[in-house]
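Comments concern the structure below.
The values are calculated or read from the model by the stated rules, or taken from the named source; none is laboratory data. A quick note: this is a predicted structure, and the numbers were derived from the prediction, not measured. We place every Cβ from the backbone using ideal geometry, glycine too, and count neighbours over all the protein chains shown. When the accessible area is computed, the model is the full protein with side chains, heavy atoms only, and any ligands, DNA or RNA have been set aside. Shrake-Rupley method; radii C 1.70, N 1.55, O 1.52, S 1.80 Å.
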Amino acid sequence: MTEDSIKQANKRLLVRLLIVVVAMFGFGFALVPVYSVFCKITGLNGKTSNEVAKDTSGPIDDKRIVTVEFLASLNESAPWEFHPEIAKLKVHPGEFYHIAYYAKNLTDQPLVGQAIPSVAPGLAASHFQKIECFCFSKQDFKPGEGRDMPVTFRIDTALPAEITTVTLSYTFFKLNEVAHQD
Amino acid sequence: MLVNFLARLRGVAIIGGLLFWSMCACADYKLNMPVGVTDTSRDVYDLHMLTFWVCVWIGVVVFGVMFYSMYHHRKSKGAVAAQFHESTTVEIIWTIVPMLILIGMAIPATRTLIAMEDTSKPDLTIKVTGYQWKWGYEYLGEGVQFFSSLSTPREQITDDSVKKDEHYLLEVDNPLVVPINKKIRILTTAADVIHSWWVPDLGWKKDAIPGFVNDSWTLIKEPGIYRGQCAELCGKDHGFMPIVVEAKTQEDYDKWLASKKAKATQVAAADAVDREWTKDELMAKGKEVYGTICTACHQANGEGMPGTFPPLVAGKEFSAAETMLTPLREDGFLSDDNKIIMGSVENHAKIVLHGVPGSAMQAYAEQLSDAEIAAVITYERNSWGNNTGDVVQPSTIKAAR
Amino acid sequence: MSTATHVHEEHHEGPASGLTRWLFTTNHKDIGTLYLLFSLLMFFIGGTMALVIRAELFEPGLQIVEPYFFNQMTTMHALIMIFGAVMPAFVGLANWLLPMMIGAPDMALPRMNNWSFWILPFAFTLLLSTLFMQGGGPAGGWTMYPPLVLQMGAAFPFVIFSVHLMGMSSIMGAINVIATILNMRAPGMNLLKMPLFVWTWLITAFLLIAVMPVLAGAVTMLLTDKFFGTSFFNAAGGGDPVMFQHIFWFFGHPEVYIMILPAFGVVSQIIPTFARKPLFGYSSMVYATASIAFLSFIVWAHHMFTVGMPLGGELFFMYATMLIAVPTGVKVFNWVSTMWKGSMTFETPMLFAIAFVILFTIGGFSGLMLAMTPADFQYQDTYFVVAHFHYVLVPGAVFSIMAAVYYWLPKWTGHMYDEKLGKIHFWLSVIGVNLLFFPMHFLGLAGMPRRIPDYALQFTGFNEIATYGAFLFGFSQLLFVYIVFKTIRGGQKATSQVWEGAEGLEWTLSSPPPYHSFETAPVVK
């Protein structure tokens, strides 16, 4: 081999190795969306969709009754009052129901919050559909403002038969960075 | 010959094991997993013992052969090395046999696991929230919720000359009370970092993850008090957030629940009356609240910890990252040369009510009543050499909310 | 400086002298020595932290350290022992032994070799310096779970950066190992003739390259979450703290095998030598190692059964984890069969190797128990887990490193070590280690969570025993240092073969071996 061809070969090798490094590092980051998709499919961690359900038609199973429980949590120093208007609701799979959560800003400053939904048991997560939810977007609150925030949801009829109780939980987070923008 | 030897070895192992077992049982040494008080915990215990004995027998056989070989195939005894070094037959045997043993263990494990995951048809639901460093319990649909924190006095932990209670570090101010023979669904979540809710007698633990809920269930058969601890590292006082579950008969549970509800309305009523508190009342109440809520970080002497938890004593220096110092300075609690100063009552109330974002200081607006917050602020402003003389009334806090 | 260079030019054979010899060295033996000494130093620093932990846990109540400092100790102890003691020790052994075992003059990439070592002292100085920073060092556990880890003070970026450096060093070391093994074998040494230590290191190196970038990615995401407003692991922005655990353990489980596969290799070299009998089932050993490595990628979630996975996931990870027992069992059976009908003598390396087989198997048994998901709900995050992984890492990995040092030290230095002292060191270590870790099984079963600075009264007895064991084990390692340095300075001359039953290319070289191992490649038949 001549010196030039060695140099060329080395260059090729270097480029390939760099691609491998970038690929492995990228793989670490690629795990994030892959994991999210994986969670949505399997209901891992009770991760439920934070988007509007598209298909709203479908049969109603009025023989079956499922109890839906509503939970409200506040993360860390989120200065809100936050609770569901009712604790439990008996529902028929397939039918849409409308409930509300109440939230009140306890400070004298405008606040922005985001509610994160979670469903237990995890297997039920993919059968929990929402067509209206305050969790779809950030919520702005004026100082001292309190208001009802609506959720319209249904449990689809494909919910596995062994599940009789489903819990919908919202955790309210204060978004710090938004406060700076104001 | 070998079989004989193994049989003898087995005997010795059993006798030795039993001897050791009984010896330890006499002393105050707890050896094994608790059998617990639920069907789940019993199944788990059986599975644990099954796996344990399988391991013991494999160990006895493998180590038996090994020790036999070490004793007999020694150069000093004139052993001449054989030269065999391969046998596909035995390799296949010792791949297949362990597989079969594993399948034998996987079957009961799968059965138990399926039963544990079945949270359907609960009689009542309790939400468990992990906080740094206490637990919050909420009885769904009953309107009862409370916090449960360590009740072991601080002196017992830090001072060896103080005698420790029988249930040192495993005692709380408000235990979780549940009825027996009812299927209880337990939802775990957390408000700050990941915790894990574990009572060994119930047979499982479940992580409490901020933003997500996990569900599990239990059905306790015997009334009693069952103790556990947080099982996921959650910061400084991870070792000091125990769990106490008190299982009562349905009747006793109903009584307890009724009294809890009555108390909740009483407290609300008391708070509604805007009466004036005396300074002594506030100081006494404040000391109590400070002891359960604030000492963990700010310390009993109010001196905090350098770098993480600011002191509450005026004149003390606080050195920490700039991100921690800025909010303190903005609220008027820190001078330019990084000494603590007493800011206004309004800002003091603001910090206690709403916390300091981005720090370990939580919002206590939901957890503490107006009177409690007023008392603790009064206490902080008049202790450890702080002598502002301020008396903060619950009405002030109510207005500040 | 100029003289040193001059000397170097004149004597191509020998090492340069003075400090520059070590700073600029590209010689595999010098770098191997540096790695081993560095690892020894870290072993003592990490060990001191372990003794602080054990001293605090000697009796209930807080006597010696504050809880927050206690958490820093557990975190640092783990980081230092894993990345500073065990991994560099195996890289050191690889540097010393691989070229000699495959008949090469040196490692394939000598300059990178130098660099991958010299990164380490800086990485660990950085890591250790965080203990003196505002808010102290890392205290959220070596697993760095968010959101807890994000509460760390000024130390946070330093810890992340030092982890990056350690990862770079490991990856470069691994690339070097692969390049050396695949390109520099002596004529006639095909892959299935390589000594098992070489095989296990080849597989380990591939594991390292596969998972260290994943760790780097995970900690970088922590960094951007903390400083640049991303929400990979923050539920508020649509992230998930549990996802970190998945990514971390996707690195973490292969990492466990990175620390144990070379140990398998070491033991597979030592047992045949002292049994004077070839290793039983060589090819099945190679296949078992490869299948353990493969399985290590699909079992990660068994570290996190309690986070709440769907039933299907729990079952899959349970079955996959139980499956690991099969190839591991094959290895143990092969070692026992190698001893069977041998002609055994029990010098110190053999003693350590036998202790390895027994105690590692005990660690394997508790591993099997931990694999059973329902029972794991009880074991998880208790001292039972602490007992389990210390059994596989201390009398497992660390004992194999000591066995390796006793076994090859005469080759490296040309002097025999003091056999009597070696045996005393062995017995003190083996008694200490069992006193230290065996009671932890009982503590965990009885309900003691890990990573707590203070405990309920019923755990007192076994904690006392464990603390006595810790101090016995810790201080008997001073004897090890004494023996090693005594052997370096002098002692009875070692022959080329050193051990009667030793076979392999490294034993055909003189003791100590020439500076460049094989100038002309030997031919393997």
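Would you check which residues across the range C:298-316 are modelled with pLDDT of 90 or more, open to solvent by 20 Å² or more (accessible area, probe 1.4 Å) and more than 7 Å from every other protein chain (Cβ to nearest Cβ) and list them?
Selection gives C:Ile298, C:Trp300, C:His302, C:His303, C:Phe316.
Name every residue in the range C:55-67 that is crowded, with 19+ Cβ neighbours inside 10 Å and either part of a helix (DSSP H, G or I) or within 24 Å of the chain's Cα centre (by Cα) (or both), in order of residue number.
Within the range C:55-67, C:Glu56, C:Pro67 meet the criteria.
Just checking, how many residues over the range C:34-71 are within 13 Å of chain B (Cβ to nearest Cβ) and β-branched (Val, Ile, Thr)?
Going through the range C:34-71 one residue at a time, the tally reaches 3.
B:Thr119 fails exactly one of the following numbered conditions: (1) within 20 Å of C:Leu368 (Cβ to Cβ); (2) at pLDDT below 90; (3) not charged (D, E, K, R). What is the number of that condition?
(1)
Kindly provide the set of residues from the range C:68-101 that are of a type in the set (S, T, N, Q) and either open to solvent by less than 20 Å² (accessible area, probe 1.4 Å) or not in a helix (DSSP H, G or I) (or both), ordered by number.
Those that are of a type in the set (S, T, N, Q) and either open to solvent by less than 20 Å² (accessible area, probe 1.4 Å) or not in a helix (DSSP H, G or I) (or both): C:Asn71, C:Gln72, C:Thr75, C:Asn95.
Would you please list the contacts, defined by Cβ atoms under 6 Å and residues six or more apart or on different chains, that run from a residue in the range C:387-404 that is assigned to a helix (DSSP H, G or I) to a residue that is hydroxyl-bearing (Ser, Thr, Tyr)?
Within 6 Å, the pairs are C:His388/C:Ser366.
So which residues in the range B:151-183 are hydrophobic (A, V, I, L, M, F, W, C) and farther than 24 Å from B:Asp252 by Cα?
Scanning the range B:151-183 gives B:Ile157, B:Val162, B:Leu169.
Taking the condition of being closer than 23 Å to B:Leu170 by Cβ and β-branched (Val, Ile, Thr), how many residues in the range B:190-216 meet it?
3
Here are C:Thr200, C:Thr180: which of them is under 30 Å from C:Thr520 (Cβ atoms) and within 16 Å of the chain's Cα centre (by Cα)?
After applying the criteria, what remains is C:Thr200.
Can you confirm whether C:Ile354 is of a type in the set (A, V, I, L, M, F, W, C), surrounded by fewer than 24 Cβ atoms within 10 Å (Cβ to Cβ) and closer than 25 Å to C:Ile483 by Cβ?
So C:Ile354 fails the test.
In the range C:280-289, what count of residues is obtained for those that are in contact (Cβ under 8 Å) with a residue 60 or more places away in the chain and open to solvent by 20 Å² or more (accessible area, probe 1.4 Å)?
Number satisfying all stated conditions: 2.
Tell me which residues, restricted to the range A:142-168, are within 14 Å of chain B (Cβ to nearest Cβ), surrounded by fewer than 16 Cβ atoms within 10 Å (Cβ to Cβ) and in a strand (DSSP E or B).
A:Gly146
Among the numbered criteria (1) over 23 Å from C:Pro512 (Cβ atoms); (2) away from chain B (no Cβ under 11 Å); (3) at pLDDT 95 or above, which one does C:Gly396 miss?
Failed condition: (3).
Residue under question is A:Gln114, and the condition is that it be within 13 Å of chain C (Cβ to nearest Cβ) and crowded, with 16+ Cβ neighbours inside 10 Å; does it hold?
Answer is yes for this residue.
I'd like to check which strands (runs of 3 or more DSSP E) are fully inside the range B:209-318 and have at least 2 residues that are open to solvent by 40 Å² or more (accessible area, probe 1.4 Å), more than 20 Å from B:Ile377 (Cβ to Cβ) and more than 14 Å from chain C (Cβ to nearest Cβ).
B:242-248
Those residues that are outside any loop (DSSP other than H, G, I, E, B) and either within 14 Å of chain C (Cβ to nearest Cβ) or modelled with pLDDT under 80 (or both), I need them from the range A:121-130; list them, please.
Across the range A:121-130, the qualifying residues are A:Gly122, A:Leu123, A:Ala124, A:Ala125, A:Ser126, A:His127.
In the range C:453-478, which residue that is more than 9 Å from chain B (Cβ to nearest Cβ), open to solvent by 30 Å² or more (accessible area, probe 1.4 Å) and in contact (Cβ under 8 Å) with a residue 60 or more places away in the chain is farthest from C:Leu40 (Cα to Cα)?
C:Glu464
Hey, C:Ile452 hits all of (1) touching a strand residue (DSSP E or B) at 6+ places or on another chain (Cβ under 8 Å); (2) in a helix (DSSP H, G or I) but one; which does it fall short on?
Here C:Ile452 clears every test but (2).
Where residues in the range A:20-63 are open to solvent by 50 Å² or more (accessible area, probe 1.4 Å) and basic (Lys, Arg), which of them is modelled with the lowest pLDDT?
That would be A:Lys54.
Which one of these is open to solvent by less than 50 Å² (accessible area, probe 1.4 Å) and polar (S, T, N, Q): A:Gln139, A:Gln109?
Result of the check over A:Gln139, A:Gln109: A:Gln139.
Would you mind telling me which numbered condition in (1) in contact (Cβ under 8 Å) with a residue 12 or more places away in the chain; (2) open to solvent by 10 Å² or more (accessible area, probe 1.4 Å) C:Phe377 fails?
It fails just one condition, (2).
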